[in-house]
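All of the numbers you see were taken from the coordinates with simple rules; none came from a lab. This one's a predicted model, so the numbers in the text were calculated from it and none came from an experiment. FYI the Cβ positions are ideal-geometry reconstructions off the backbone, even for glycines, and counts take in every protein chain you see.
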Amino acid sequence: MAKRNAAAHPESLMMSYGYKPEWSEGALKCPIFQTSTFVFKNAKEGKAFFEIAYGLREKGPTEKLGLIYSRLNNPDLEILEGRLALWDKAEAAAVFSSGMSAISTVALEFLRPGDVLLHSEPIYGGTDYLFNHILPRMGVRVVSFSANGASDGIHKALKTLKKGERPAMIFIETPANPTNLLVDIAACAKAAKELSTKNRRVLVAVDNTFLGPLWQRPLEHGADLVLYSATKFIGGHSDLIAGVCLGSQELMTRVRTLRTFLGTMASAWTGWLLLRSLETLKLRMTCQMKNARHVATYLANHPKVERLYYLGSLDPSTPQGKIYQRQCLAPGSVISFDIRGGEKEAFAFLDALKLVKLAVSLGGTESLAEHPGTMTHADVPPAEQKRMGISPKMVRLSIGVENPGDLIRDLEQALKAAA
């Protein structure tokens, strides 16, 4: 991997970091290494590569893991992981076939039967199902706490633990999907440190999909692992599925090793597409964030909007506002709101949209709208949805790069139709 130019910002390094044109016949852009296997120079080299890959011995001071097989490593993924690590100032990264495969691999690596997993709520519906329906089958007890802050919720959750039970991981999604509630990352890191023992370190893992990697950097606030659905802003064009995990070299070595044997890594083609997307990441996310400000201002003053869930409208004097000031660099481009009425009015609004598309997912160049209660969080029981703040009148918007005036006109006519 090429050395980073310390004077350059990540957005500048996305064009060339980790790649030299002379490696590929002078090609300006890294080609797609669409191959399953790689040829060794000799048998001795092949032996050495496998010894390192399988942990049979420590790497020598000048050794690196050579290319073996695309389930273990691939040039596109290696270059991509190097570039992704720059944004979060992480020591290492691993790219996965989806955001859920990244979260699942992390859970399987760091949780054992008898462990307790603490997690904020609400969280993405797929993560919620994994934690509350699949992990308990493996002997992991799952305890949730409200995403509305951190310290009080964690301490209340800890009081519910049985004698001898100790958490192994605190998993938070901040901002929360779809309520945009913030969790104090530093408070979670402090709690994890207090819960850790000499023999067992409690990890803090953060799903940073809504704001990262531009507008929030969890590692700087004490998190151990950062996770993304790279399908969203990192991919940014709604044409791929991928996930990312970042952290220290020590933790990521474990994550990468399990990824090898689970086979949950992304393909070379996906890796190449993500390399393309990283070049415009800052441009896209900045445009989306600015557009969202215009949209949020419009919605905040509309009589058909009962409540707005948007980071940019938080009062700095409130607990949520104080967390935002400490750990967020911008409000991002995901907005939720409660429409006056209920599911009927929400559906009428969604059905009337023309420029904004009715689809799940977020972070793409196009603006999207969905109904969390019956779509992304449909598998969360109604009573739990209500407790989490997800109501039948809630609509979630992901703002894209279109002209903000055009977006507002589309929302205006759809709100009129809903009335």
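Summary of computed values
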read-out: Most mobile listed residue (242, 48, 147) in the chain, GNM with C-alpha springs under 10 Å; value: 48
read-out: Calculated Rg and Dmax of segment 1-105 using C-alpha coordinates, Å; value: 15.2, 41
read-out: Computed over the chain: relative contact order in percent, which uses C-alpha pairs under 8 Å that are six or more apart; value: 16
read-out: Taking the convex hull of Cα positions in the chain, its mean projected area over all directions (nm²); value: 21.7
read-out: Highest-first arrangement of 197-210, 56-69, where packing means the average Cβ count within 10 Å; value: 197-210, 56-69
read-out: Global geometry of segment 330-372, whether rounded, prolate or oblate, following the gyration tensor of its Cα atoms and the 1.5 cut on a/c; value: oblate
read-out: Relative contact order (percent, whole number), segment 70-278, Cα cutoff 8 Å, 6+ residue spacing; value: 30
read-out: Relative intensity, log₁₀ I(q)/I(0), of segment 290-339 from a Debye sum that treats every alpha carbon as a point, q = 0.18, 0.20, 0.32 Å⁻¹; value: -0.56, -0.68, -1.20
read-out: Estimated 222 nm signal from helices in the chain, with DSSP H stretches of n ≥ 4 weighted -39500 (n - 2.57), rounded to 500; value: -11000 deg cm²/dmol
read-out: Segment 282-418, Cα convex hull volume normalised per residue, Å³; value: 110
read-out: Relative pair counts by distance (%), Cα atoms of segment 79-167, 10 Å bins; value: 15, 38, 33, 13, 1
read-out: For segment 45-124, the spread of Cα positions along each principal axis, largest first, Å; value: 48, 32, 22
read-out: Descending semi-axes in Å of segment 70-278, equivalent ellipsoid built from Cα gyration tensor; value: 27, 18, 15
read-out: Greater than 28 Å apart at Cα, pairs in 232/290; 89/156; 159/193; 162/193; 89/190; 59/89; value: 89/156
